[in-house]
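One structure is given here, and the rest of the page talks about it.
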Protein chains: 2
Amino acid sequence: MNRIYNFSAGPSTLPVSVLEDVSKNLTNYQGQGLSVMEMSHRSPSYMEIHANAKQSLRNLMNIPDTYEILFLQGGASTQFSSVPLNLLNPSGKADYILTGSFSKKAYKEALRYGDIQIAASSEEDDFTFIPNNDAINVRPDADYVHLCLNNTIYGTRFKPEQLPQFDNIPLVADMSSNILSEEYEVSKFGLIYAGAQKNMGPAGLTVVIVRKDLVGKAQDITPTMLDYATQIDKDSMYNTPPTFAIYVAVQVFAWLEEQGGIKAIEAINKEKAAKLYDYIDQSDLYQGTARKENRSIMNVTFRTLSEDLDKTFAKEAKEKGLYNLKGHRSVGGMRASIYNAMPMEGIDALIEFMKDFENENKRGIK
Amino acid sequence: MNRIYNFSAGPSTLPVSVLEDVSKNLTNYQGQGLSVMEMSHRSPSYMEIHANAKQSLRNLMNIPDTYEILFLQGGASTQFSSVPLNLLNPSGKADYILTGSFSKKAYKEALRYGDIQIAASSEEDDFTFIPNNDAINVRPDADYVHLCLNNTIYGTRFKPEQLPQFDNIPLVADMSSNILSEEYEVSKFGLIYAGAQKNMGPAGLTVVIVRKDLVGKAQDITPTMLDYATQIDKDSMYNTPPTFAIYVAVQVFAWLEEQGGIKAIEAINKEKAAKLYDYIDQSDLYQGTARKENRSIMNVTFRTLSEDLDKTFAKEAKEKGLYNLKGHRSVGGMRASIYNAMPMEGIDALIEFMKDFENENKRGIK
C-alpha cells in the first residue's frame, strides 16, 4: 500500500492499523452479519460500542465522575452557540480569550446570547502568541471564561502548566485540535468540547465533557438538541447519534491505549514537534511564525523568506508524498499538522525534504 | 460472507456492493494514498465528492434549480428547531399535521418559537391512519405547513398522489424514512429534510432541500450553524461537514442510479411491500396495524393475535437470520423495515418464515 504523509489540519491522518481494522469489519462487523453503519443505535451491539467509547475516553483523559461525556454532532461551531445558550446563567456574562479566528468566532456567536467581553486578545500581533495570565481580565461574576487551547491556524497553544484558572469561574475550552495529545487536568475545566476530525476520528462527531453541576440552566430559546441536559438525560441518544464515527473513535481510543495512553503519546508528540522546531530554528531558510514559548505541538507553522518560495515548497513537497503543507490562507507560509497519528517517519521525511529544499534554494536567498 | 437480513428501522441495511466498495477504498481511496476520512474538506478530492453528492441527489430527485441542497448534521431532531427558527416569518404562524410521534415532536419543538397550531391529527386512533386532505385545517396566513411523509413507527405514509397542497403556503416535509423510495415532486414542497440513516447512508448526515426564496429571514436567536442562509452561503462548509458520511451517500446515490433511479426502485419497493401485505392480509395469524389505504411501503407493521406470540415471532425470526423485526415499543407487534437496500430475497425469506411460524402456531390460536 502506498500511503502519503498527510499533514492536513483536519480532517487529518488516522492510524493505519485503525483504518485497516475498520476496512476489514466494514461489511460484516466481528462476524455479526452487518456493518456498524447498519446497526440500530438501540441494538446491544451498538450500545456496547457506545458504552466503550465513553469508558475509553474517561480512562484516557482520567475524567472524574463529576463530569458527563457527550457524543454530539455539529462540530465546534455548533458548540459556539450551545455553550452560551447552556451556561450563561445566572449573570448572563462571559469573558472570552481571543487567540485565533476560531476563538473569535466563538466570541461573536456568544455576543448574540449575552453580555460578553474580551478578557484578552493576541489579535494585535496576528495571533502569533498566547496572552500571559496576568494580562487576562475576567469579571468576577462571569458565568464562564472561554478559550481555545490549541490554535490550529496560528500554531500556538496554552500549555497545561500555564492554563489560566479563575476562582469559582469555570473554564470552557475548545480542544478540537489538541484533545488527547498531552495531559491536561480535566478538573481544571468546567466544559471541554472538541470536533473529532483531528485526534479522534472522522468529521461529524463532537465530544463534549461537562461538569454535571453546570447543566440544567439553559436559556428558554435553546434548541432541544443543543441542550446538554437533554443529551445527558438520553446518554447522547435523544436521536440517532453518529454511530459509525463513534465506532471509529473507539478504535482510535484503543489504538491510543496501545501506545501507552496520553502520557506516552505526549512524549512522542513533543519529540516530533521538537525535531521540527529545532530544525527550523537552526535553519537559514525557514522561520517559525508563532512565539517560541507558545508553540503548538500539533500544528507547526513556518515560512521561508519569500511567498513565492513558500508556494514552491508546498508544491515540491507534494511531489515527494508530503501533502497539505500549505499554510492557512489567513497566515500564509506553511503548516505541518502533526497529530497523534502522524508517525515519526513522517517528521523525518519532512525534515529530509526541508533540508534538500534549503540546500537547493538558500543560495538565491542569502 | 454470512450477512443477516436486517429489518432495522434505522440505521438500516445498506447495499452490499456499496459497503464492499467503501471497504476496498478505506485505507487508500482510489489510489490517492489516504482514506476519505483523512481528507481535508478543502482538498480537490473531497470537493469533488461533495459536488458529486449534490449533483447526484439533484438528478435522482429531479430537484429544480430554484432549490438548494444542504448536507448538515444533527438529524431530523435538529431540523425540528431549524425549520421554525428559519421559516416562521412573516406571520410567525405554522400549522402541523400530526401523524406519529416524530411529527408530534416537531410540533412541540416549534411551539417554542411561534404561534403553532395542529392542522390535523390521527393521534385519536393511535396514529394508525393519515388524515384525509379535507380534514386538514390550515390558517391562510401560516408561514408553512409541516408533515412527516412516512411514519416509521406506525407504518403509514402520505402517498405522492394524495399530498395535500395549500395556496401560497409552503409544505415542509420530514422525509427521513422514505426519501428516494418513490417519486414525490420536489416542487410541491417548500422544504424537505431527511436523516441519512435509512435510505442514504450512515447516521450523522442530514439532507435539507430548500426553496431559495424561503431562506434569509431566520429569527435573530437562530444559532449560526442552524441558519440555512449561512449554510447555503458556504455550500454546507461553514465548518467541517460529515465528509465520510457524505462520501458513503454518494456511493448509495450511484447504486440507486444503477438500479434505474427512483422510478425503478419505486416499482421494486411496491412489489416488495405488496408481497408482504398480500401475505399478511390472507393470513389467519397476522394482522396489519395501519389502515390499508395509508400503508407505508418502507415500514410494514403487523402483529399476531397475542403479545406473547409476537415475542416468540421476533425471537425465532432472529434465529433464522431475520433481525430487528420487533415493533417499536410504543406500538408493539412487529415491524419489517424494507428500505431500498433490502433485497427481494429478504422479503421472500421473511414470508417463508412467517408461513412456517403460522403453520406451527395457528392451531393454538383458532
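The values are calculated or read from the model by the stated rules, or taken from the named source; none is laboratory data. All of these numbers come straight from a predicted model, not from anything done at the bench. Here the Cβ positions follow ideal geometry from the backbone for every residue, glycine too, while neighbour counts run over all protein chains shown. Remember, those area values only see protein heavy atoms, side chains included, never the ligands or the DNA or RNA. Shrake-Rupley method; radii C 1.70, N 1.55, O 1.52, S 1.80 Å.
Each residue in region A:27-49 was checked for being within 9 Å of chain B (Cβ to nearest Cβ) and assigned to a helix (DSSP H, G or I), and 5 pass. The conditions of being hydrophobic (A, V, I, L, M, F, W, C), over 19 Å from A:GLY100 (Cα atoms) and within 14 Å of chain B (Cβ to nearest Cβ) are not met by A:LEU180.
Taking region B:170-179, which residues are surrounded by fewer than 24 Cβ atoms within 10 Å (Cβ to Cβ) and in contact (Cβ under 8 Å) with a residue 60 or more places away in the chain? First the steps, then the outcome.
Restricting attention to region B:170-179, the residues satisfying the condition of being surrounded by fewer than 24 Cβ atoms within 10 Å (Cβ to Cβ) are B:170-171.
Correct list: B:PRO170 only.
Check A:ALA53, A:ALA9 and return the single one that is buried (at least 17 other Cβ atoms within 10 Å of the Cβ) and touching a Ser or Thr at 6+ places or on another chain (Cβ under 7 Å).
Details: A:ALA53 fails: touching a Ser or Thr at 6+ places or on another chain (Cβ under 7 Å).
The conditions single out A:ALA9.
Say whether the condition of being touching a Pro at 6+ places or on another chain (Cβ under 9 Å) and closer than 18 Å to A:LEU72 by Cβ is met by at least one residue in region A:171-187. Yes.
Checking the condition within 24 Å of the chain's Cα centre (by Cα) and open to solvent by 10 Å² or more (accessible area, probe 1.4 Å), which residue from A:LYS326, A:LYS355, A:LYS320 passes?
Working: A:LYS355 fails: within 24 Å of the chain's Cα centre (by Cα); A:LYS320 fails: within 24 Å of the chain's Cα centre (by Cα).
Among A:LYS326, A:LYS355, A:LYS320, only A:LYS326 is within 24 Å of the chain's Cα centre (by Cα) and open to solvent by 10 Å² or more (accessible area, probe 1.4 Å).
Looking only at region A:163-170, decide whether some residue is in contact with an Asp or Glu (Cβ under 9 Å, 6 or more places away or on another chain) and over 24 Å from A:SER121 (Cβ atoms). No, there is no match, as no residue in region A:163-170 is in contact with an Asp or Glu (Cβ under 9 Å, 6 or more places away or on another chain) and over 24 Å from A:SER121 (Cβ atoms).
Quick one: in region A:10-23, which of the residues that are within 8 Å of chain B (Cβ to nearest Cβ) and in contact with a helix residue (DSSP H, G or I) (Cβ under 9 Å, 6 or more places away or on another chain) is nearest to A:GLY195 (Cα to Cα)? Before you say what the answer is, go through the steps one by one.
Quick first cut of region A:10-23, residues within 8 Å of chain B (Cβ to nearest Cβ) only: A:10-14, A:16, A:19-20, A:22-23.
Now drop any that are not in contact with a helix residue (DSSP H, G or I) (Cβ under 9 Å, 6 or more places away or on another chain), which leaves A:11-14, A:19, A:22-23.
Working: A:PRO11: 10, A:SER12: 12, A:THR13: 14, A:LEU14: 14, A:LEU19: 19, A:VAL22: 20, A:SER23: 23 Å.
Taking the candidates together, the pick is A:PRO11.
Could you please give the count of residues in region B:211-226 that are facing chain A (nearest Cβ under 10 Å) and not β-branched (Val, Ile, Thr)? Talk me through it step by step, then tell me what you get.
First pass over region B:211-226, keeping only residues facing chain A (nearest Cβ under 10 Å): B:219-226.
Imposing the further condition that a residue be not β-branched (Val, Ile, Thr) reduces the set to B:219-220, B:223, B:225-226.
Here the count works out to 5.
Going by the conditions given, is A:TYR107 of a type outside the set (S, T, N, Q), in the same structural domain as A:MET200 (by TED's automatic domain parsing), without any contact (Cβ under 8 Å) to a residue 60 or more places away in the chain and not in a helix (DSSP H, G or I)? For A:TYR107, the condition - of a type outside the set (S, T, N, Q), in the same structural domain as A:MET200 (by TED's automatic domain parsing), without any contact (Cβ under 8 Å) to a residue 60 or more places away in the chain and not in a helix (DSSP H, G or I) - is not met. Among the criteria (1) open to solvent by less than 20 Å² (accessible area, probe 1.4 Å); (2) not in a loop (DSSP other than H, G, I, E, B), the one A:ASN59 does not fulfil is (1).
Pull up region A:230-258, narrow it to residues that are surrounded by fewer than 18 Cβ atoms within 10 Å (Cβ to Cβ) and touching a residue at least 40 places away in the same chain (Cβ under 8 Å), then point me to the one that is nearest to the other protein chains (Cβ to nearest Cβ). Restricting to residues being surrounded by fewer than 18 Cβ atoms within 10 Å (Cβ to Cβ) and touching a residue at least 40 places away in the same chain (Cβ under 8 Å), the top hit is A:MET237. Selection of region B:65-93 for residues being farther than 16 Å from B:VAL215 by Cα and away from chain A (no Cβ under 13 Å) yields only B:LYS93.
Just for region B:17-40: of the residues that are open to solvent by 20 Å² or more (accessible area, probe 1.4 Å) and touching a residue at least 60 places away in the same chain (Cβ under 8 Å), which one is nearest to the chain's Cα centre (by Cα)? Applying the filter and picking the extreme gives B:SER17.
How many residues are assigned to a helix (DSSP H, G or I), among the hydrophobic types (A, V, I, L, M, F, W, C) and in contact (Cβ under 8 Å) with a residue 40 or more places away in the chain when one looks only at region B:289-316? Break it down into steps so the answer makes sense when it comes.
Here is the first cut: in region B:289-316, the ones assigned to a helix (DSSP H, G or I) are B:292-294, B:307-316.
With the extra rule that they be among the hydrophobic types (A, V, I, L, M, F, W, C), the set shrinks to B:309, B:313-314.
Cutting the leftovers down to in contact (Cβ under 8 Å) with a residue 40 or more places away in the chain gives us B:309, B:313.
Summing the residues that are assigned to a helix (DSSP H, G or I), among the hydrophobic types (A, V, I, L, M, F, W, C) and in contact (Cβ under 8 Å) with a residue 40 or more places away in the chain in region B:289-316 gives 2.
Only residues that are over 17 Å from the mean Cα position of the chain (by Cα), modelled with pLDDT of 95 or more and open to solvent by 10 Å² or more (accessible area, probe 1.4 Å) were counted across region B:329-346, and they come to 4.
Looking at this structure, is B:TYR96 crowded, with 23+ Cβ neighbours inside 10 Å, within 14 Å of another protein chain (Cβ to nearest Cβ) and over 30 Å from A:SER337 (Cβ atoms)?
Values: crowded, with 23+ Cβ neighbours inside 10 Å: yes; within 14 Å of another protein chain (Cβ to nearest Cβ): no; over 30 Å from A:SER337 (Cβ atoms): yes.
No: the conditions fail for B:TYR96.
The set of residues in region A:265-287 being open to solvent by 30 Å² or more (accessible area, probe 1.4 Å) and of a type outside the set (D, E, K, R) consists of A:ALA267, A:ILE268, A:ALA274, A:GLN282, A:GLN287.
Looking at A:LYS198, A:LYS234, can you tell me which residue is more than 21 Å from B:LYS108 (Cβ to Cβ) and of a type in the set (D, E, K, R)? Give the steps one after another, and end with the answer.
Details: A:LYS234 fails: more than 21 Å from B:LYS108 (Cβ to Cβ).
None of the others qualify; the one that does is A:LYS198.
Here is the figure for region B:219-229: residues that are in a loop (DSSP other than H, G, I, E, B) and either closer than 14 Å to B:GLY74 by Cα or open to solvent by less than 30 Å² (accessible area, probe 1.4 Å) (or both) total 3. The test for being touching a strand residue (DSSP E or B) at 6+ places or on another chain (Cβ under 7 Å), open to solvent by less than 10 Å² (accessible area, probe 1.4 Å), within 30 Å of A:ASN299 (Cβ to Cβ) and not in a loop (DSSP other than H, G, I, E, B) holds for A:VAL208. Residues in region A:161-193 that are in a loop (DSSP other than H, G, I, E, B) and among the charged types (D, E, K, R) were compared, and the one that is farthest from A:ASN59 (Cα to Cα) is A:ASP167.
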